[in-house]
Ligand code: UDP
């Protein structure tokens, strides 16, 4: 048995090697960052909560036919995943105007979009993860036209599944970010995580615009009760069948 080697440490997770070169161990951290890591903090128990939420959502998506990197959850904050080459794109799906869409277009926060929208951002911290045009994406060889088509289709299908799932939890899925990777056969797999760190989730049982926020915006905007919001998401998600 070779000792696990730390392969990569990101803002929210650490990736370790395992005895099997096709399998990695992803350890979820309690560290929280926002605004391209200019704001830093700790959300107590976030690693365990996000790992539990992401595990449940990956299992749900796999059951609905979405290929994912998820294998299993050997410990509360650990996920075994298939080794993939991450495509350096942040694929954002939006159902309701919020965040950078509101800030950059003037669309009021909370405006429902006529149809879901998929955007591609360049996953590059040094450049601040800029929004891409298709031409820029192809110029930089970040993905092929066929891959972009597949990513768009997968993102919209994942959105349909997650909207329905979160609705059962009495949560509105406002927007979220996905990352994908390529396996050894160059097949596209959903990777990274889906959690309150990467989604905007609004509590349907709260009318107040600040009270309803159940995601990392509570941390970004100093709204307080961050841990209890994540806890609430976890309880509602885990209460649903996969
Ligand atoms: N998002 C993310 N990581 C990023 C940027 C965005 O998980 O590096 C998520 C964010 O939580 C939200 C969605 O993607 O659910 C859209 O984010 P937006 O472009 O509005 O950026 P923000 O204003 O949140 O930085």
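Structure notes:
- Backbone N under 20 Å from the residue 5 label point (7 Å along Cα→Cβ), restricted to segment 171-213: 184
- The packing ranking of peptides 8-16, 208-216, 32-40, highest mean first, is 208-216, 8-16, 32-40, where packing means the average number of other beta carbon atoms within 10 angstrom of each residue.
- Taken along the Cα-to-beta-carbon direction at a fixed 7 Å, the label points for residue 240 and residue 104 span 2.8 nm.
- Segment 1-23 versus segment 181-216: alpha-carbon centroid distance in Å: 24 Å
- Two-decimal Rg/Rh across segment 65-112, once Rg and the Kirkwood Rh are taken from alpha-carbon atoms: 1.19
- Here the contact order of segment 1-149, divided by its residue count and restricted to Cα pairs under 8 Å and six or more residues apart, works out to 14 percent.
- In the chain, helical runs assigned H by DSSP with n ≥ 4 each contribute -39500 (n - 2.57); averaged across all residues and rounded to the nearest 500, the mean residue ellipticity at 222 nm is -9000 deg cm²/dmol.
- Mean Cα-pair separation over length for segment 85-159, i.e. relative contact order, pairs under 8 Å, 6 or more apart, %: 31 percent
- Cα gyration tensor shape of segment 1-126, rounded if a/c is under 1.5, else prolate or oblate by comparing a/b with b/c: prolate
- Euclidean distance of C-alpha centroids, segment 26-94 and segment 221-241, integer Å: 15 Å
- Scattering curve values for the chain, log₁₀ I(q)/I(0), Debye with Cα scatterers, q = 0.07, 0.08, 0.09 Å⁻¹: -0.22, -0.29, -0.37
- Relative contact order of segment 124-242: 16 percent, from C-alpha pairs under 8 Å at least 6 residues apart in sequence.
Bear in mind that the values in this text are calculations on the coordinates, not laboratory data. Being a predicted model, the structure only gives us computed values, none of them experimental. No Cβ is skipped: glycine too gets one built from the backbone with ideal geometry, and neighbour counts run over all protein chains shown.
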